[in-house]
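The values are calculated or read from the model by the stated rules, or taken from the named source; none is laboratory data. What you see is a predicted model, and the numbers here were worked out from it, not measured in a lab. Every residue, glycine as well, gets a Cβ built from its backbone with ideal geometry; the counts of neighbours run over all protein chains shown. Protein only, heavy atoms only, side chains kept; ligands, DNA and RNA dropped before computing areas. Shrake-Rupley method; radii C 1.70, N 1.55, O 1.52, S 1.80 Å.
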Protein chains: 2
Amino acid sequence: MFLAKVYIYYKTGVLDPQSSAIKTTIADCGFDKVSDIETGKFYNVKIDVADKASAEKVATELCEKILSNPVIEDYKFEIMEA
Amino acid sequence: MFLAKVYIYYKTGVLDPQSSAIKTTIADCGFDKVSDIETGKFYNVKIDVADKASAEKVATELCEKILSNPVIEDYKFEIMEA
């Protein structure tokens, strides 16, 4: 059993409205030490295969087909034994 | 300058509809090796302070006041020099 920690984030140059909203709120609330904020999603995926290479294959397919929108998002993941 | 990597996730026992939807989709698409999936959000926050303790203080306040809903969500973060 392996655990894939998957991170999905906007590609550089893609407008991130959630980040803009948070930045405005943070400034309004007086957090003057925060200079930038990026947002993204993460998924902890349990993959029931025998070896790490197979887990990587499943995670890559999952990211490309289901979890990310390849037009505007990039992904990365790390695989660990669980 | 410090970078806080903040992770927000549902507390145990809180219904995660996005995760349920993804699980159904994954099963329909034939990913029979995926046994579980948890979802969450992450934020990369740049904090412009002199030392790590101050960065931790800002990150904690930010998580509790803005980024998480303490009724249903937990947070964790790691601070690194940027």
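Observations, loosely collected:
- If you filter the stretch A:1-55 down to residues that are within 25 Å of B:Glu56 (Cα to Cα) and of a type in the set (Phe, Trp, Tyr), you find that the one that is modelled with the lowest pLDDT is A:Phe31.
- B:Val14 being among the β-branched types (Val, Ile, Thr), surrounded by 13 or more Cβ atoms within 10 Å (Cβ to Cβ) and farther than 15 Å from A:Lys33 by Cβ: no
- Each residue in the stretch A:17-49 was checked for being open to solvent by less than 60 Å² (accessible area, probe 1.4 Å) and of a type in the set (Lys, Arg), and 0 of them qualify.
- Some residue of the stretch B:49-56 being under 29 Å from A:Lys65 (Cα atoms) and not acidic (Asp, Glu): no
- When every residue of the stretch A:20-35 is checked against the conditions, none turns out to be within 17 Å of B:Lys5 (Cα to Cα), within 17 Å of the chain's Cα centre (by Cα) and at the interface with chain B (Cβ under 8 Å from one of its Cβ atoms).
- The condition of being surrounded by 13 or more Cβ atoms within 10 Å (Cβ to Cβ), of a type outside the set (Asp, Glu) and touching a strand residue (DSSP E or B) at 6+ places or on another chain (Cβ under 6 Å) does not hold for A:Lys57.
- For A:Tyr7, the conditions (1) open to solvent by less than 50 Å² (accessible area, probe 1.4 Å); (2) more than 7 Å from chain B (Cβ to nearest Cβ) are fulfilled apart from (2).
- The set of residues in the stretch A:34-69 that are assigned to a loop (DSSP other than H, G, I, E, B) and over 24 Å from B:Pro17 (Cβ atoms) comprises A:Val49, A:Ala50, A:Asp51.
- Of residues in the stretch B:65-77 being over 9 Å from B:Tyr7 (Cα atoms) and surrounded by fewer than 15 Cβ atoms within 10 Å (Cβ to Cβ), the one farthest from the other protein chains (Cβ to nearest Cβ): B:Val71
- Sub-9 Å Cβ pairs linking a first residue in the stretch B:1-22 that is farther than 23 Å from B:Ala82 by Cβ to a second residue that is aromatic (Phe, Trp, Tyr), at least 6 apart or interchain, are B:Tyr9/A:Phe42; B:Tyr9/B:Tyr75; B:Asp16/B:Tyr9; B:Asp16/B:Tyr10; B:Ser19/A:Tyr43; B:Ser19/B:Tyr10; B:Ile22/A:Tyr43, ordered by first then second residue.
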